[in-house]
Amino acid sequence: MLYRRFSTQEEIDQQYDPARSVDAGSALARYQDASRAARAQLNSLQSLAFGPTLPEYLDLFSAKSPNAPLHVFFHGGYWRALSSKEFAFVAHGLVPAGVTVAVVNYALCPQVSISEIVRQCRAALAWLYGNAADYDYDPERITISGHSAGGQIVGMLLATDWAGEYGLSNNIIKGAVAISGLFDLTPFPYSWLQPKLQLGGREVTTLSPLFQSSVVDCPVVVAVGELESEEFHRQSRDYVTWLEQAKPRGSVCHLAVPGTDHFSVIGGLGTGSGPVFESILGQIE
């Protein structure tokens, strides 16, 4: 067996290529249209640099109220595609609810490794914490979410020693929602993604949230679309079990979002409705 019950790459690809069963092009077009509308209608600062390289930037969508809570979103694309620009729509529901939203960009594989992507996303969160006064949001009310590869990033941020590595509180994150996340990277060296990802054996372990120690202790929601593959569901269930065994003081919730696939599961963030949006807003409130 290559991984669990799968003996061929074709079997693994079938489970981990959501575009096989969904019109990904149409979904991406909807993301782009909704994101253009969000940039046109919301008060935003685009491409704020948080690091030294060109891809290290974020887009900030500011709430009208001063000292608003901050929600930070990490996009998907299997670490090798897309950018923050296609995901501006996630701010469209939260900003009118009084929440400032940061959508983080990062460099992509194979130009950089997944390890470097995680480092950049950690740096983004540290930058946001340190620059709160300049942009009028509350650094003590930061929540995070991420979709697909962004779900793995959320898991790695929860496993970060913020005190030891950044001199910040390990309580920096007050709530997290990981959506359609990839918490065990073991199958990907055997998949269609490997030519881009170039994952080695050690990285599979060090970059899988499922194999890390729990550091940040906050409420976590692990969400997945009802119509996604069994492997996406299993990854989410296994991560919930792992979080529960880590005995966090914060709650852990598993959420299967009815009637949604890998792409539509985050659609409610643009309309300010649905279980994922309500989960994020609930953690903020």
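State whether the residues of the range 127-148 include one that is closer than 25 Å to residue 239 by Cβ and without any contact (Cβ under 8 Å) to a residue 12 or more places away in the chain. For the range 127-148, residues closer than 25 Å to residue 239 by Cβ and without any contact (Cβ under 8 Å) to a residue 12 or more places away in the chain: absent.
Every condition in (1) at negative phi; (2) in a loop (DSSP other than H, G, I, E, B); (3) hydrophobic (A, V, I, L, M, F, W, C) is met by residue 125 except one, and the failing one is (2). Every condition in (1) more than 30 Å from residue 140 (Cβ to Cβ); (2) modelled with pLDDT of 95 or more; (3) more than 18 Å from the chain's Cα centre (by Cα) holds for residue 169 except the one numbered (1). With respect to residue 182, determine if the residue is outside any helix (DSSP H, G or I) and closer than 24 Å to residue 132 by Cα. For residue 182, the condition - outside any helix (DSSP H, G or I) and closer than 24 Å to residue 132 by Cα - is not met.
Exactly one residue among 62, 47 is surrounded by fewer than 18 Cβ atoms within 10 Å (Cβ to Cβ) and not β-branched (Val, Ile, Thr), and that residue is 47.
Residues of the range 231-273 being of a type in the set (A, V, I, L, M, F, W, C) and under 17 Å from residue 183 (Cβ atoms), which ones?
232, 240, 242, 243, 246, 252, 253, 255, 256, 265
Suppose the filter is within 30 Å of residue 10 (Cα to Cα), at pLDDT below 95 and either over 14 Å from the mean Cα position of the chain (by Cα) or not hydroxyl-bearing (Ser, Thr, Tyr) (or both); does residue 250 pass it? Give the derivation first.
Details: within 30 Å of residue 10 (Cα to Cα): no; at pLDDT below 95: yes; either over 14 Å from the mean Cα position of the chain (by Cα) or not hydroxyl-bearing (Ser, Thr, Tyr) (or both): yes.
No: the conditions fail for residue 250.
Residues in the range 25-52 that are farther than 19 Å from residue 102 by Cβ and in contact with a helix residue (DSSP H, G or I) (Cβ under 9 Å, 6 or more places away or on another chain): 25, 27, 28, 30, 32, 33. The residue pairs whose first member lies in the range 168-189 and is within 18 Å of residue 122 (Cα to Cα) and touching a residue at least 24 places away in the same chain (Cβ under 8 Å), whose second member is surrounded by fewer than 24 Cβ atoms within 10 Å (Cβ to Cβ) and aromatic (Phe, Trp, Tyr), and whose beta carbons are closer than 8 Å, counting only pairs six or more residues apart or on different chains, are 168/129; 168/162; 170/162; 172/129; 172/162; 183/242. Among the residues of the range 212-232, those identified as modelled with pLDDT of 95 or more and either surrounded by fewer than 18 Cβ atoms within 10 Å (Cβ to Cβ) or of a type in the set (Phe, Trp, Tyr) (or both) are 226, 230, 232.
Taking each residue of the range 77-104 that is closer than 19 Å to residue 280 by Cα and touching a residue at least 12 places away in the same chain (Cβ under 8 Å) and looking for partners that are charged (D, E, K, R) and surrounded by fewer than 21 Cβ atoms within 10 Å (Cβ to Cβ) with beta-carbon atoms closer than 7 Å, six or more apart or interchain, yields 88/39.
Only residues that are touching a Leu at 6+ places or on another chain (Cβ under 7 Å) and either crowded, with 24+ Cβ neighbours inside 10 Å or among the aromatic types (Phe, Trp, Tyr) (or both) were counted in the range 95-113, giving 6.
Conditions (1) of a type in the set (Gly, Ala, Ser); (2) closer than 23 Å to residue 199 by Cβ, marked per residue:
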position	(1), (2)
117	no, yes
120	no, yes
123	yes, yes
145	yes, no
148	yes, yes
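The values are calculated or read from the model by the stated rules, or taken from the named source; none is laboratory data. Since the structure is predicted, the reported quantities are computational estimates derived from the model, not experimental observations. Neighbour counts run over all protein chains shown; Cβ positions are idealised from the backbone, glycine included.
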